[in-house]
1. Among the listed residues Phe50, Phe71, identify the single one that is aromatic (Phe, Trp, Tyr) and either in contact (Cβ under 8 Å) with a residue 12 or more places away in the chain or on the phi > 0 side of the Ramachandran plot (or both).
2. Among the candidates Thr53, Thr46, single out the residue that is among the hydroxyl-bearing types (Ser, Thr, Tyr), in contact with an Asp or Glu (Cβ under 9 Å, 6 or more places away or on another chain), surrounded by 16 or more Cβ atoms within 10 Å (Cβ to Cβ) and assigned to a helix (DSSP H, G or I).
3. Looking at (1) assigned to a helix (DSSP H, G or I); (2) farther than 23 Å from Val146 by Cα; (3) of a type outside the set (Asp, Glu), which is the one condition that is false for Gly121?
4. Condition first: in a helix (DSSP H, G or I), of a type in the set (Asp, Glu) and modelled with pLDDT under 90. Can you find one or more residues in the stretch 193-204 that meet it?
5. Provide a single number: the residues in the stretch 66-100 that are of a type in the set (A, V, I, L, M) and part of a loop (DSSP other than H, G, I, E, B).
6. Going by the conditions given, is Thr257 out of contact with any Gly (no Cβ under 8 Å at 6 or more places or on another chain), assigned to a helix (DSSP H, G or I), surrounded by 11 or more Cβ atoms within 10 Å (Cβ to Cβ) and modelled with pLDDT under 55?
7. Kindly provide the set of residues from the stretch 61-76 that are among the hydrophobic types (A, V, I, L, M, F, W, C) and surrounded by fewer than 13 Cβ atoms within 10 Å (Cβ to Cβ), ordered by number.
8. Of the residues Ala79, Ala100, which single one is surrounded by 13 or more Cβ atoms within 10 Å (Cβ to Cβ), under 30 Å from Gln163 (Cβ atoms) and under 20 Å from the mean Cα position of the chain (by Cα)?
Amino acid sequence: MTSCDPHQISLETERLGPRRVEGLRKEDEEWQRKAHAAVLSIQDLTVKFFETTTRAQKALHERMRADQKKFGNSAWAAAVERMERLQYAASKETLQLMRAKEVCLEQRKHGLKEEMQSLRGGEDALLRLDQLEELCYELQLQLYGVQAEVLRCEELLLTAQLQSLRRQTTERQDEVVYYDAFESPDAMKGEEGPAAPTPPLRDEEIVVLQQRTRQLEARRGRITAKRVYLKNKKEICIVNHNQKIEQRQGGPVPLQTLQQGEDAEEDGDASSSARVSQDRQRTLDRLRSLKQVRRSHIRGRSAPPPKSAVDPPLTPVSRLLVPSVSPAR
């Protein structure tokens with residue numbers, strides 16, 4: 001048998017008087033406000049925690065960058081992977097900080113909307129409603145800014161991963177593999193031992209790295225489209241707010257403001273799709289250039305040097321060495 005709240009049972013069965021019901025309702029609203037304040041305080045503590053960790057990660061990253069300038073690139077080759085890991089960790093902490101701020105703003109916005117819904121009739125309620133709407137508008141603008149920062153941090157994470165993958169691909173392409181005629185003395189004597197497992201091919205590793213690179217570039221293109229869409233939403237929100245203020249004041253809405261709102265709504269999807277298509281075209285161009293460089297590199301290794309059909313012009317020294325032939329009489 002499940003246990004129920006006695007106040008809930010009393011309210012459902014209507015065994016209490018109107019004063020008691022009103023008192024319980026006010027008490028419930030007070031506890032709801034306390035719970036909401038507790039959630040906000042927890043979110044503020046989370047934001048402070050991630051601010052501290054983000055500062056620590058950024059300090060480590062800046063210290064390593066200073067060491068890189070101090071020691072030089074040749075001595076820094078062994079610490080490249082650690083530098084990449086620190087950059088990735090700093091970007092990740094910044095992303096978590098921005099997401100915590102986003103959740104905090106969402107909670108505050110939700111609290112304002114609940115307060116707006118709980119308002120009742122009266123002039124004071126209308127004034128309070130205008131104040132709450134203005135606060136909601138300011139919170140929404142802050143929320144758009146934080147969401148843009150979240151997308152920027154995600155793009156930084158993808159950029160760090162792309163740099164690491166490109167470095168690994170370059171190292172795999174530039175490494176030299178030496179093959180011996182006999183790998184063991186038993187093979188020289190003609191004794192065949194158990195077959196050793198074949199190592200993974202370098203070309204397959206390069207193909208896997210290139211596939212991951214293309215996937216990350218596609219994700220970065222989608223993030224760019226989201227940033228454009230978010231920017232358009234922010235502009236539309238500002239235009240709508242200005243229109244609402246003009247309507248309250250009783251003045252005419254400027255035609256330029258209306259055109260800006262309509263243009264922002266119409267050009268939102270078009271600009272985002274255009275940006276995505278541009279990113280895809282850039283990715284395809286990069287892949288084509290890489291394939292052409294790879295093919296030319298392979299042909300240069302395998303093909304012999306071409307012989308010129310026409311001999312080069314003689315230099316003054318070669319003219320002296322070549323005997324002159326007198327014309328036949």
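1. The conditions single out Phe50.
2. None of the other options fit; the residue is Thr53.
3. (1)
4. yes
5. Here the count works out to 1.
6. For Thr257, the condition - out of contact with any Gly (no Cβ under 8 Å at 6 or more places or on another chain), assigned to a helix (DSSP H, G or I), surrounded by 11 or more Cβ atoms within 10 Å (Cβ to Cβ) and modelled with pLDDT under 55 - is met.
7. Ala66, Phe71, Ala75
8. The unique qualifying residue is Ala100.
The values are calculated or read from the model by the stated rules, or taken from the named source; none is laboratory data. If you're wondering where the values come from, they're calculated on a predicted model, not measured in any experiment. Ideal geometry is used to build each Cβ from the backbone, glycine not excepted, and the neighbour counts take in all protein chains shown.
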